[in-house]
1. Hey, among Ser522, Ser556, which residue is under 26 Å from Lys274 (Cα atoms), of a type in the set (Gly, Ala, Ser) and in a strand (DSSP E or B)?
2. Hey, does region 359-366 have a residue that's among the hydroxyl-bearing types (Ser, Thr, Tyr), surrounded by fewer than 23 Cβ atoms within 10 Å (Cβ to Cβ) and in the same structural domain as Thr157 (by TED's automatic domain parsing)?
3. Would it be correct to say that Trp465 is touching a Leu at 6+ places or on another chain (Cβ under 9 Å) and modelled with pLDDT of 95 or more?
4. Any idea which of (1) closer than 21 Å to Leu614 by Cα; (2) assigned to a strand (DSSP E or B); (3) modelled with pLDDT of 95 or more is the one Pro428 doesn't satisfy?
5. Pairs under 7 Å by beta carbon, first residue under 17 Å from Gly12 (Cβ atoms) in region 46-70, partner buried (at least 18 other Cβ atoms within 10 Å of the Cβ) and among the polar types (S, T, N, Q), six or more apart or different chains?
6. Restricting to region 370-382, and then to whatever is buried (at least 24 other Cβ atoms within 10 Å of the Cβ) and at pLDDT 90 or above, can you tell me which residue is nearest to Thr302 (Cα to Cα)?
7. Can you give me the ranges of the strands (runs of 3 or more DSSP E) entirely in region 616-693 with at least 2 residues that are farther than 19 Å from Asn372 by Cα and hydrophobic (A, V, I, L, M, F, W, C)?
8. I'd like the full set of residues that are free of Cβ contacts under 8 Å to residues at least 12 places away in the same chain, farther than 18 Å from Gly226 by Cα and assigned to a loop (DSSP other than H, G, I, E, B), limited to region 172-189.
Amino acid sequence: MRLLELLTSHPGELISREQIQQHIWSGETFVDFEHGINKSIRQIRDALRDNADVPKFIETHPRRGYRFIAPVENDDGSKHKGLMVPPVVEAVTQPVQFSTAEARPKPLVWVLFTTILAVIAVGAGWVAWRATHAATRAMIRLNVDLGPDALPGLNTTVAISPDGSRIVFPALGPGAKQQLATRQLDQVHATLLPGTENASDPFFSPDGQWLGFFADFHLKKISIKGGTPITLCAAANGQGASWGNEGEIIAALSQVSGLSRVPDTGGAPQLQTKLAGVEATHRWPQILPGGKAVLFTASAATVGLDDAAIEVMQLKTGERKTLLHGGYYGRYLPEGHLLYLHQGVLFAVGFNLTRLELLGTPVPVLDDVAGNPARGGGQFDFSGTGTFVYLAGKTAANSWPIVWLDSSGKMDPLVTTPGVYGNPRFSPDGRRLAVTNGGDISIYDIGFATMTRLTFTGNATVPVWTPDGNHIAFRSASNDGTTISWIRADGAGEMQRLLVSRVPITPYSFSPDGSRLAYFDSNSETGQDLWTLPLDLHDPDRPKAQPPELFLRTASNELLPAFSLDGRWVAYRSDESGAVEIYVRPFPGPGGKRQISIGGGIYPIWSSNRRELLYETPDNRIMTVNYSVNGESFLATTPRSWSEKQIFSPGVVNLAQAPDGKRFAVFPMPAPLAGENEPVRVTFLLNFSDELRQRIPVKR
């Protein structure tokens, strides 16, 4: 009634959602504002028999507010000045008394207001009853086959619209390309969305009319009705996003950075959270109701987040707090609960939205929700209407082996013990393989088939061998920032710091003589840029780093600098064309660039025994080009397939070529993602909110 009073007091004027919130729920009131506003608008429309698509009374302006468009007059024909209503409705049968004759409405308006008051009074009585009684609606479980072309997503498989009427999921499209498919729940068939090839991790806009998603290293959006996708910004390695009511998207655009704010119309991202202490990543954000805070997962490891932390930050002040340790993919439900995953179990705990704090002890609620602890993705979603949907099954891609891959597509065992592996690199002699396993670096001796742990920091990653094979440079995080360190490959001696930076920095390759280390940074102001670090190696166990030298900085993102075998060229990845491609430039310059890849490239690799430059495609297959050098010119052939075999990507470098140039060390696709033709089924839980309230009562 107070919402209707506010709207009719300003006929023809747009009333923002913020004005509604301040008018009805000011102060420290604890309530899910977004859910409350939406529900109240629906109640008014139901009472007036209004249609949101063809409104006669209330017009919706998505993400902005509402406008009362029907004529409103007083008895004397003057402009309406606002209705005065009693603060409490005692019973439906009592007549409505207005405080002044001036505000008495005409008969038609009287009927409408009396009807609405009756509906609201009944609703208020039901809410009061529900507040003092346990939920009685039984939870209903429905298992749904998404269809023969549906595909399981690595991080998330199904997203549901805010009103619970539509779902979106990945499916096989023309040309065997993964696309997004959308299906209204009152219809039998799903519809593919052209232009969403290679899309992953979709999320809805607040009004349910748009889909955001990551594809080809960009954050994009598309109308649920189809059309041309709109690119919003570059995303080097998207790790989740959330769409707010104020025209903003909070997204994890990179694997090794804080969260960014992106206008939903497109534009330059603005860093929203900063990595603190030993943190290496912030990902999987959720803008909380009211738009004043964001929930996210924070971790010191970039791969393997089962023991990460669930954090919350106030967007206006930047004030942060840790809600809990030992979980990932935290999500707030409008009924007042926080959900998260840990060791394949979905936990729930009460959460005070006003004070941003937990209420009570977490309780396990479901043990069959699939998740991806490797990257921190959760296979569940929920609507504002209380419907919960998830992909059932074992935790996906928890660990994986390392295998040999030859150009014919044949795979043979290499490291048979599964692990949370990433960033494999062969020693120059090919006898050892450095690899990250969880949060540390290990060395696998191929001849003896033994794995030896090299670091014990819990956040070491990206090992880079020196040309002589005696040392390894790597990346780690500390309270001082991000560090590039140096350690003997046999584990003897002490770790040496080469470079410490307040922004994320990542080593990638050494020059042939070992005197320079190429690396890239990730700066909120300039994006990702390429650098080299000169080294004094008179004492190899205690190298002395000289001041870093900038190699390449543009308006685009450049990363992954790889020195050629003769040191004359640097291959790298850039998004300057609007897509991520592999380029080559002369080192140290000057000179122009040469694009190598066609159709996208992510990891450049120089062959160690022939004039070949290889790269991985966005759909995780290996391509190769032959090259020659004519004076100052770099000449490359048209890319061709090295192998059609698709390999698994946990979100970090996932392949390394052996020094003989004949094989790669790669991660095989997990069985559920390798195409076993098993149907993709999701589970719908109706009345899930009632179940949570009954099992975990929340005192507000």
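The values are calculated or read from the model by the stated rules, or taken from the named source; none is laboratory data. For clarity, every value in this text was computed on a predicted model and none was experimentally measured. Ideal geometry is used to build each Cβ from the backbone, glycine not excepted, and the neighbour counts take in all protein chains shown.
1. Selected residue: Ser522, the only one of Ser522, Ser556 that is under 26 Å from Lys274 (Cα atoms), of a type in the set (Gly, Ala, Ser) and in a strand (DSSP E or B).
2. Within region 359-366, one or more residues are among the hydroxyl-bearing types (Ser, Thr, Tyr), surrounded by fewer than 23 Cβ atoms within 10 Å (Cβ to Cβ) and in the same structural domain as Thr157 (by TED's automatic domain parsing).
3. It is false that Trp465 is touching a Leu at 6+ places or on another chain (Cβ under 9 Å) and modelled with pLDDT of 95 or more.
4. (2)
5. Taking only residues 6 or more apart or on different chains, the pairs are Phe68/Thr8.
6. Gly376
7. Those strands (runs of 3 or more DSSP E) span 622-630, 633-636, 655-657, 663-666, 681-686.
8. Selection gives Val188 alone.
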